[in-house]
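The values are calculated or read from the model by the stated rules, or taken from the named source; none is laboratory data. Computed from a predicted structure; not experimentally measured. Here the Cβ is made from the backbone with ideal geometry for all residues, glycine too, and neighbour counts use every protein chain on show.
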Amino acid sequence: MNKGWGKENQKTVELWLKEVERALKGKNVASIETLTYEGIKLKPLYTKADCRHKNFSFGKKTGHDWTVCQKIQFYSSAEDLNNQILNRLENGLTTIYLEDFSFVKSGEELGKAFKSIDLTQIHFFFDFSHHVEKLSIFRQFLKEKVSDLSALKGVIAFDPLEKLMLRGNGAGFYDELAEHLQWIEKESPSLKGIFTKGDLYNRSGSSSVQEIAYTFSSWLEVLDHLSSRGFSYLYLAKQTVFSFSIGSEFFTEIAKLRAAKQIWATIIEGFEGHEELDDPYIHCNTAVLNKTLSDVHVNLLRTTTEAFSAALAGITSLNIGPYGEICGKFDQKAERLARNTHYILKEESYLTKVTDPVAGSYYVENLTNELAEKAWNKIGFIEDKGGFLETLKCGKIQVEINAMASTRIGDINTRVKGMVGTTIFANLEDDIQECKGFQFKKMINQKPNFIAPIKPLRLAEHFEQLRINALSYKKKKGHLPKVGVIVLGRLKDYKHRLDFIQGILSAGGFETVAAIENDLEIIKGFPLVLLCGQDRAYEELDEKSITQVKNSLQVKEIMIVGAPPRHLREWKSITNKMNVYQFLQVVSELLEVSE
């Protein structure tokens, strides 16, 4: 241990700040603060003063375990589904998670799907949000198959507003949900029947504050409709499962879930008998928004940190998507790695041994409270406007989500944010397949007649399309589309900018061919050629010499990497402040790489 640590630890915050400013060479500490999408400034240091007059958010949970809840998405028949369920139960799965019941025509298909499976001995998570009409068939199947329905444990639920939000027409399935809850109350009281999904907003590009606020606002809307049908608020709260997506912002995601618990606790205080309620049932899915088709194994790294965030925040169940989830096909290896990630976190990282391990962290507590306050204010605003559905009808929610999605995509396009393997460090040898089984457009009515739908997306989709176009070009021409680069000076003079432009072009699927001044024939006839060197090399050039090079090489366009000197300003330049995606679109057009 450093013997001087004790003395150093006694320094005041003011002295620490002075040291930081000295290290920053005179810049203010505020210059290294980070502004989040939620409008929160993240500071480099938090102290007890940042949490003054704020309650630390301790939950009621005494344990910290969660159920291994892996979604079964890709199966060809009821028999195939049955084989997958049995295989996964033998290999560590503790909860069966299904949301695609399109195969169900009658109880016969369900009998095949759950053959040799005792539903009273397992935990299940069945989401009927897209197949509400199949629920009566499923209940009848359970009545015939299970002798003691009260022994069932898990979730058979749906979000009554999901179809409305995704398709833009129809109405909430409140009558169907009321009927379902009556069945649960009478036949199987251990089950939960109400699903409220925050995932919908996250998949569409929302911020954490928006995700929390819209989730609880929609829940309050559902409670109001169901309470008018004779259910108590306390019973409805017990019946609710909340689901959230967990993204890559590690500490923000932890704070988001903890803030959701604070909002829950504040709301239920008004329910008679609320002392009976424990922490909310929170289910988490690793995010789809930030997953990529290119360099698909990077998704494994993303889902691991996302699962870590969820586990630290304290959740009830967790679905870790396999790294190739968005590719739309079953991959046994990917499924196994996703499942085993749970056990790495549980058994090797000991995350189940400590309750709320981040509680008391000045940083996390401050972030939790800021998210909760902002979300609570937004919930209040929505209620003042007539509630969730009215705000949805007037388009306010959709406008806010779309604006946040545009901000996120803009940051990707300008490299404020990078996506490893896609927009930065792209591998040109990576073969990308178009996404066939995970297309959100199928979920959305293209002509809504009631409200504007909420549109799920992925941040990397437009860059992936450029790569797919480039690979199609390769199939026709035998090689990737090529961009010529004339390097000026010695290697040390142009290396930095050459790496820079190669990184940008590879994100669009373009191969870079570098040529020295004495060997330009190798790039003759290329539609696009770039000049790459230090600023002083550009100073020595003139417009006439560049035009001569352009004509002799028979190229369509010449651009300059970096900011050109004043006398060359009419030539297009490539800088680190530009919109990279727009530039790559221009390159695609020049090289005739069409969709």
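Among the residues here, residue 374 qualifies as surrounded by fewer than 21 Cβ atoms within 10 Å (Cβ to Cβ), touching a residue at least 24 places away in the same chain (Cβ under 8 Å) and within 22 Å of the chain's Cα centre (by Cα). Here residue 275 meets each of (1) within 25 Å of residue 155 (Cβ to Cβ); (2) in contact (Cβ under 8 Å) with a residue 12 or more places away in the chain with one exception, condition (2).
If the condition is being within 24 Å of residue 214 (Cβ to Cβ) and part of a loop (DSSP other than H, G, I, E, B), then region 23-53 contributes 36, 37, 38, 39, 40. Of the strands (runs of 3 or more DSSP E) lying entirely inside region 226-331, those containing at least 2 residues that are in contact with a Cys (Cβ under 8 Å, 6 or more places away or on another chain) and not aromatic (Phe, Trp, Tyr) span 240-246, 317-319. When 184, 194 are checked against the criterion of being over 20 Å from the mean Cα position of the chain (by Cα), crowded, with 24+ Cβ neighbours inside 10 Å and in the same structural domain as residue 233 (by TED's automatic domain parsing), a single residue qualifies: 194.
Within region 350-362, not a single residue is surrounded by 21 or more Cβ atoms within 10 Å (Cβ to Cβ), part of a helix (DSSP H, G or I) and either in contact (Cβ under 8 Å) with a residue 60 or more places away in the chain or in the same structural domain as residue 199 (by TED's automatic domain parsing) (or both). Note on region 58-173: enclosed helices (runs of 4 or more DSSP H) holding 2 or more residues that are within 26 Å of the chain's Cα centre (by Cα) and of a type in the set (A, V, I, L, M, F, W, C) are 162-167.
Just one of (1) farther than 30 Å from residue 356 by Cα; (2) at pLDDT 95 or above fails for residue 27. It is (2). Search region 253-283 for residues being buried (at least 23 other Cβ atoms within 10 Å of the Cβ) and either within 24 Å of residue 418 (Cα to Cα) or of a type in the set (Asp, Glu) (or both), and hand back the single one that is farthest from the chain's Cα centre (by Cα). The qualifying residue farthest from the chain's Cα centre (by Cα) is 255.
Given 335, 429, which one is modelled with pLDDT under 95, closer than 30 Å to residue 293 by Cα and in a loop (DSSP other than H, G, I, E, B)? Can you show your working first?
Values: 335 fails: in a loop (DSSP other than H, G, I, E, B).
Only one candidate qualifies: 429.
Take the residues of region 390-417 that are polar (S, T, N, Q) and in a helix (DSSP H, G or I): which is surrounded by the most Cβ atoms within 10 Å (Cβ to Cβ)? Top of the filtered list is 391.
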